[in-house]
Amino acid sequence: MTEWYYDELLNIETEEIQEGFHKSFHYHRYEPTPYSALETLFQSYRLQAEDHVVDFGCGKGRLNFYINYWFHATVIGVEMNEEFYNEAMENREGYLEIRPERENQIQFEHCLAQDYKIQPKDNRFYFFNPFSIQIFMNVINNILRSIEEHNREVDVILYYSSEDYMYFLENQTAFELIHEVTLPGEYESNAFEKFLVYRLSY
């Protein structure tokens with residue numbers, strides 16, 4: 001199905017890609033995960049209604065609305081860019097027009113990723129290569145500290161991941177790769193077109 005179809009279904013606007021590049025070395029430009037890629041991922045990786053998903057660098061919130069619509073999971077979008085945060089909040093209003101009963105399951109936080117306070121129920125964390133390895137390491141360490149305080153199974157989901165992210169998780173943490181999803185027609189010409197799911201179980 002087309003990008004336009006899903007935005008219409010969810011009553012949101014997320015298609016536009018950020019022109020140019022972010023001025024900061026640490027933050028990458030906004031680009032939403034293609035809906036076709038999300039379809040492929042969730043054919044084999046399932047979420048539950050009791051999951052709490054955090055999307056770091058959520059932009060306008062596409063992933064958040066998609067997950068909540070299909071899986072009824074609670075989703076939290078973390079976005080440092082004020083313009084994108086405001087657009088995510090506008091999309092939230094549109095989405096809640098068709099799903100008003102989901103109001104408590106869709107939240108957005110306007111802050112730096114490393115400043116987001118990991119909540120005890122947060123157990124799925126999504127990254128579409130949003131920032132530098134230094135920030136990623138800080139966020140993962142925040143997640144690990146939260147797990148020490150509240151033991152639970154946690155997944156980290158990477159899309160279009162840098163090799164630095166993978167190396168850090170595999171060599172400097174106890175996360176283990178449990179699932180890999182390549183995108184048909186894309187991965188053959190671009191090895192970054194894949195999802196990687198890492199799990200930390202206690």
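The values are calculated or read from the model by the stated rules, or taken from the named source; none is laboratory data. Given the structure is predicted, the values throughout are model-derived calculations rather than measurements. Here the Cβ is made from the backbone with ideal geometry for all residues, glycine too, and neighbour counts use every protein chain on show. Each accessible area value is taken on the protein alone, full model and side chains, heavy atoms only, with ligands, DNA and RNA left out. Shrake-Rupley method; radii C 1.70, N 1.55, O 1.52, S 1.80 Å.
Among Ser162, Ser189, Ser132, which one shows the biggest mean-square fluctuation in a GNM of the chain, springs joining Cα atoms closer than 10 Å?
With Cα springs under 10 Å in the chain, the top fluctuation among Ser162, Ser189, Ser132 is at Ser189.
Provide the net charge surrounding Asp51, with neighbours chosen by a C-beta distance below 15 Å and charges set as Lys +1, Arg +1, Asp -1, Glu -1. Walk me through the intermediate numbers first.
Values: positive: Arg46, Arg102, Lys121, Arg124, Arg152, Arg199; negative: Glu50, Asp55, Asp122, Glu153, Asp155.
Residues close to Asp51 contribute a combined charge of +1.
Among 105-117, 138-150, what's the highest-first ranking by average C-beta atoms within 10 angstrom per residue? Before the final figure, lay out each step's value.
On the way: 105-117: 17.0, 138-150: 15.5.
Per-residue mean Cβ counts within 10 Å order the peptides as 105-117, 138-150.
With a 1.4 Å probe and every protein chain left in place, work out the accessible area per residue of region 66-125 in Å², rounded to a whole number.
51 Å²
With the cut-off at 1.5 for a/c, could you classify region 81-123 from its C-alpha gyration tensor as rounded, prolate or oblate?
oblate
Could you tally up the Lys pairs in the chain with alpha carbons closer than 24 Å? Skip any pair fewer than 8 positions apart unless they're on separate chains. Numbers along the way, then the final one.
Details: Lys23/Lys60; Lys60/Lys117; Lys60/Lys121; Lys60/Lys194.
For the chain, the number of qualifying lysine pairs is 4.
Which of Tyr95, Tyr167, Tyr35 moves the most in a Gaussian network model of the chain with Cα springs under 10 Å?
Between Tyr95, Tyr167, Tyr35, it is Tyr167 that shows the largest mean-square fluctuation.
State the percentage of accessible surface on the chain attributable to carbon and sulfur atoms; use a 1.4 Å probe and exclude ligands, DNA and RNA. Kindly include the intermediate steps, with their values, before the conclusion.
On the way: 4690 of 10330 Å².
About 45 percent, which is the carbon plus sulfur part of the accessible surface.
Given [x] 19.6, 58; [y] 22.4, 80; [z] 15.9, 45 as candidate values of Rg and Dmax of the Cα atoms in Å, which corresponds to the one derived from the coordinates?
Recomputing Rg and Dmax of the Cα atoms in Å here picks out [z].
Mean separation of Cα pairs under 8 Å and 6+ residues apart, divided by the residue count of the chain: what relative contact order is that in percent? Write down the numbers at each step before the final one.
Working: 343 pairs, mean separation 37.3, N = 202.
Averaging sequence separation for qualifying contacts and normalising by length gives 18 percent for the chain.
Out of residues 5 or more away from Phe131 or on other chains, whose amide H comes under 5 Å of its own, with H placed 1.01 Å from N in the peptide plane?
Under 5 Å from the amide H of Phe131 lie the amide H atoms of His28, each far enough along the sequence or on another chain.
Under a 10 Å cutoff between Cα atoms, tell me which one of Asn91, Asn171, Asn151 has the largest fluctuation in the Gaussian network model of the chain.
Of Asn91, Asn171, Asn151, the most mobile in the Gaussian network model is Asn171.
Report, in deg cm²/dmol and to the nearest 500, the calculated mean residue ellipticity at 222 nm for the chain, where each DSSP H run with n ≥ 4 adds -39500 (n - 2.57) and the sum is divided by the residue count.
Working: 6 runs with 72 residues, N = 202.
After summing the helix terms and dividing by residue count, I get -11000 deg cm²/dmol.
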